[in-house]
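Working notes, structure below.
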Amino acid sequence: MKFHEMEISKIEKALETDFSSGLSQEQVKHRLKTNGFNELDAGEKQSALLLFFSQFKDFMVLVLLAATLISGLLGEYIDAIAIIAIVIINGFLGFFQERRAEKSLEALKELSAPQVHVLRDGRWGKIPSKEIVIGDILKFSSGDRIGADVRIIESKSLEIEESALTGESLPVAKHIECLTNPNPGIGDMENIAFMGTMVTRGSGVGVVMATGMKTAMGQIAGLLQSAESQETPLQRRLEQLGKILISVALMLTVLVVVIGVIQGHDIYTMFLAGVSLAVAAIPEGLPAIVTVALSLGVQKMIKKNAIVRKLPAVETLGCASVICSDKTGTMTQNKMTVTHLWSGGQTWTVDGSGYQPKGNFYKNGQTVLPKDEKALQQMLIFGMLCNHSELTKKGEEYILDGDPTEGALLVSAMKAGFQRKKLLDEFTIIHEFPFDSARKMMSIHVKDKQGRHFIVTKGAPDVLLGVSEAILWDGKSQYLNKDTQAKVKDAINHLASQALRTIAIAYKPVPANTVILSEHEAEKKLTLIGIQGMIDPPRPEVRKAVAECKEAGIKTVMITGDHVITAKAIAAQLGILTKKSKVFDGEALSKLSVEELEEVVEDVSVFARVSPEHKLKIVNALQNRGHIVAMTGDGVNDAPAIKAADIGVAMGITGTDVAKEASALVLLDDNFATIKAAIKEGRNIYENIRKFVRYLLASNVGEILVMLFAMILALPLPLLPIQILWVNLVTDGLPAMALGLDKAEENVMKRGPRSPNEGVFSRGLGWKVISRGFLIGIVTLLAFIIIYHNDPKQLDYAQTIAFATLVMAQLIHVFDCRSERSVLSRNPFGNQFLVGAVVSSLILMLIVIYYPPLQPVFHTLPIAAKDWLLIIGLSSVPTFLLAGSFLLRKTK
Ligand code: ATP
């Protein structure tokens, strides 16, 4: 018999599991061993060997290898072997860079892999969905992605969207009854939830009946989601630029060769020099270095609790001009404690801290016993019953599983001595209408021991007031009139103005055995009992983060489902609300079109009592005003806004799978300050990429120009092919990588956001590349000419001097690249990787020059001490000129 036809009780046996305590660790271990991980097979991966060989498929590298082979055949063994060795080392470097980028992207995927709620050894916990085994008991609710194929054993208004499997986008209601049809289609299996489908409403529990490739999803291999393109706009731009640079480098190289030949150099020497120059000058490694820099930046972000799910977001982060953030949990601590309770004109306060269920109740400053306060009791009992969360004691600590708002309601009732388990002996919950942030309410249909039926509703007080017709006042139910309504509103405003989050409790009796079909039917004509007000303190670090964002030209907007006055109070505490800025509520927002909202949106800092669908409107209005918007969210309904935002941000702790999947960035700690940290890192990564683009290209320009000018001046070759290749490998490679790891300049968050349309060479980068490249070329040539003219017979020595000058000029210039301003504006030795890279390059250069066995390979001669003065003097000229012109501009 198949699982969809089986009674629930039989399934327990068939799968050798226990619905009340789940599998034991032993069973899990055994099942993992026999069935393997709950994974879908990924496609074939590129093997390491292929990746290594792909490093040599570049056309110019192949030409170089061919040319080298010819020179080897002509008897130039040493040159040939040395060049091939350098090309191979270069290949290895490229290989390791690409491997590293690939690995870190894979690690990222693992980190953002979904987690599931599982019952094992009698305890609910979270595990990566990869570790699910057959027989596991899973719990899921609105916004969760189902981790494996499960037979449903508990359903509370459960609805699941199965379009990934069936193509049908309307959600299907799921129940626990057996199906009689022996061979239903996937779309008709109403008691099964399939791997990869999404819970859109309600909640449920299921037992796993298939995992991995045995699931329905696993069987449709073609439907596996293909990986999204991870290329960032900058990578694309650099790739285009790369093509242009290749042509330019090739043209110049041809020019060098042609002029060289015209000036009387022999064709073969010029050919090899030209090809080496082309290999060195073409920045073919640039995209790989950019990827490495991006992925290193991504790793840095992980350390700051931000996971980048889409690589392009790293760049977009640096352009963000507005952050729209939720309040609860992101700007506040989400550790709620009820402190005030109001009912029928009376106010109670309660003390205690956190989830510790210990505290006393007071009225008018006097201690009172809850058992003497009828309305208070009623409010506490219903707040505990109409609740989805659980509080468990671990040692001395109380741990909450569920929504902190509901946790606070559990704790306030426990302080009065109530226990949910005992209440459930007295009341039976017949049906539940789950909370959603659009309705801002949750209701249950309950029956007490005397057989009386009630609807109990809890939710936003102003919303509940709108659907209530009566109120409990002095122990009696009275019709709500204008006067009492005004009193309730006053009470709500009074609580909210103290930055308290408010939840009202209401109820209504219903005739026994009626079936309440919809929440709309349940949530009307209620009797309001009272309001509980809870504190949710702001996170201490957020105020500073908001201020830093402001300084960086980034506006912070609070978007919350909470009450306008509560939101205002918290926004003011955090420095989001200023004298000039406005507060909008959901109702006002609904009345505006996107165009109308565009007119005013710049002035609004707080949107309160909004529904998730309003978020999309806000994103659109801000984007139409030219903003780059980061938008946070956690629920299913937030997904469209998260997707539409330039940087969709999902909460790692409270976020649903749907929100996470729509997002580009996940905050592991749900903290607003983490968004700021990620933006700072995003800006820095972009700047670092600019830094090494600047360094590499200026170096290449220098290398080409020294050869070109030498040919034009009818001089011998100032640098030999092997020397050029060496510079390309050592001097260009290592320091460029180190620039990618540079720390942010201290002003990185003190200037406005970058325009997303900014080109690679904007903000003077192009000029810097050309002017510095030109100077590096000139000083190298000058060093060569001076020595060569002194003694034209010592060509090797002049070439060694040119080689050393080029290397030194680049290694000094690399420190300029750390700052957009000048070398003087930062401590030049602040980046220890760079210092390390420069020192190693220097040592390697000295070895090549002074180590006798290598001298014939690189055609070098030991440099005399006095000539080092010339080399150092000339090679520091470009940096001095730059620093001087910067100082001059500053004093002007
Ligand atoms: P944010 O969007 O900043 O996270 P929020 O958490 O207050 O704000 P919602 O979760 O949409 O936004 O809640 C809106 C309102 O609904 C709250 O102000 C509260 O009054 C009410 N509410 C919140 N949680 C519940 C719940 N579990 N049951 C009933 N009502 C709730």
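The values are calculated or read from the model by the stated rules, or taken from the named source; none is laboratory data. All values reported here derive from a predicted model rather than from experimental measurement. A quick note on method: Cβ atoms are made from the backbone with ideal geometry, for glycine too, and the neighbour counts reach across all protein chains shown. For accessibility, only protein heavy atoms count, side chains too; no ligands or nucleic acids. Shrake-Rupley method; radii C 1.70, N 1.55, O 1.52, S 1.80 Å.
Worth a mention:
- If the condition is being over 17 Å from D670 (Cα atoms) and buried (at least 17 other Cβ atoms within 10 Å of the Cβ), then the stretch 520-542 contributes A522, E523, L526, T527, L528, I529, G530, I531, Q532, G533, M534, I535.
- Residue check, N637 at pLDDT 90 or above and of a type in the set (S, T, N, Q): no
- Selection count where residues are closer than 30 Å to P171 by Cβ and within 16 Å of the ligand (Cβ to nearest atom), scope the stretch 586-616: 14
- Number of the exception - L272 against (1) modelled with pLDDT of 80 or more; (2) surrounded by 18 or more Cβ atoms within 10 Å (Cβ to Cβ): (1)
- Single match in K327, K335 (criterion: assigned to a loop (DSSP other than H, G, I, E, B), charged (D, E, K, R) and buried (at least 19 other Cβ atoms within 10 Å of the Cβ)): K327
- Restricting M707, M711, M737 to residues that are in the same structural domain as T879 (by TED's automatic domain parsing) and either open to solvent by 20 Å² or more (accessible area, probe 1.4 Å) or under 26 Å from A552 (Cα atoms) (or both) narrows the list to M737.
- Count of residues meeting criterion [assigned to a loop (DSSP other than H, G, I, E, B) and within 12 Å of I307 (Cα to Cα)] in the stretch 651-669: 5
- Which numbered condition K508 misses (of (1) away from the ligand (no atom under 14 Å from the Cβ); (2) under 34 Å from the mean Cα position of the chain (by Cα); (3) surrounded by 15 or more Cβ atoms within 10 Å (Cβ to Cβ)): (2)
- Test set (1) in contact with a helix residue (DSSP H, G or I) (Cβ under 7 Å, 6 or more places away or on another chain); (2) more than 29 Å from E746 (Cα to Cα); (3) within 16 Å of the ligand (Cβ to nearest atom); (4) not assigned by TED's automatic domain parsing to the domain that holds I492 - L574 fails condition number: (2)
- Q498 falls short on exactly one of the conditions (1) in contact with a Gly (Cβ under 9 Å, 6 or more places away or on another chain); (2) away from the ligand (no atom under 16 Å from the Cβ), and that condition is (2).
- Within the stretch 497-516, being out of contact with any strand residue (DSSP E or B) (no Cβ under 6 Å at 6 or more places or on another chain) and among the hydrophobic types (A, V, I, L, M, F, W, C) holds for A499, V515.
- Failed criterion for G352 (all others in (1) within 16 Å of the ligand (Cβ to nearest atom); (2) in a loop (DSSP other than H, G, I, E, B); (3) more than 30 Å from N513 (Cβ to Cβ) hold): (1)
- Of the residues making up the stretch 140-194, those that are in a loop (DSSP other than H, G, I, E, B), in contact with a helix residue (DSSP H, G or I) (Cβ under 8 Å, 6 or more places away or on another chain) and β-branched (V, I, T) are I176, T180.
- Residue among T347, T367 that is more than 16 Å from the ligand (Cβ to nearest atom), in contact with a His (Cβ under 8 Å, 6 or more places away or on another chain), outside the structural domain of N637 (by TED's automatic domain parsing) and open to solvent by 50 Å² or more (accessible area, probe 1.4 Å): T347
- Out of K440, K422, K447, sole residue that is within 16 Å of the ligand (Cβ to nearest atom) and under 26 Å from I516 (Cα atoms): K440
- Just one of the numbered conditions (1) closer than 25 Å to S141 by Cα; (2) within 16 Å of the ligand (Cβ to nearest atom) is not true of F427: (2).
- S412 vs. criteria in contact (Cβ under 8 Å) with a residue 12 or more places away in the chain, in a strand (DSSP E or B), of a type in the set (S, T, Y) and within 15 Å of the ligand (Cβ to nearest atom): no
- Screening the candidates V488, V463 for the property of being free of Cβ contacts under 8 Å to residues at least 60 places away in the same chain, within 16 Å of the ligand (Cβ to nearest atom) and out of contact with any helix residue (DSSP H, G or I) (no Cβ under 9 Å at 6 or more places or on another chain) yields one hit, V463.
Matching residues to (1) touching a Phe, Trp or Tyr at 6+ places or on another chain (Cβ under 7 Å); (2) among the basic types (K, R); (3) not in a helix (DSSP H, G or I):
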{"residue": "F584", "(1), (2), (3)": "yes, no, yes"}
{"residue": "L597", "(1), (2), (3)": "no, no, no"}
{"residue": "K643", "(1), (2), (3)": "no, yes, no"}
{"residue": "V649", "(1), (2), (3)": "no, no, yes"}
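- Residue in the stretch 850-857 that is open to solvent by less than 20 Å² (accessible area, probe 1.4 Å) and closer than 21 Å to Q723 by Cα present: no
- Residue within the stretch 385-392 that is more than 16 Å from the ligand (Cβ to nearest atom) and out of contact with any Phe, Trp or Tyr (no Cβ under 8 Å at 6 or more places or on another chain) present: no
- Taking the numbered list (1) hydrophobic (A, V, I, L, M, F, W, C); (2) under 22 Å from S9 (Cβ atoms); (3) open to solvent by less than 10 Å² (accessible area, probe 1.4 Å) in turn, I153 passes all entries but (3).
- Condition check for V619: among the β-branched types (V, I, T), over 22 Å from A313 (Cα atoms), part of a helix (DSSP H, G or I) and more than 13 Å from the ligand (Cβ to nearest atom): no
- Residue count for the stretch 41-67, restricted to those that are more than 30 Å from G274 (Cα to Cα) and modelled with pLDDT under 75: 6.
- Flag if V835 is of a type in the set (A, V, I, L, M, F, W, C) and open to solvent by 30 Å² or more (accessible area, probe 1.4 Å): yes
- Of the residues in the stretch 543-561, not one is within 13 Å of the ligand (Cβ to nearest atom), part of a helix (DSSP H, G or I) and open to solvent by 40 Å² or more (accessible area, probe 1.4 Å).
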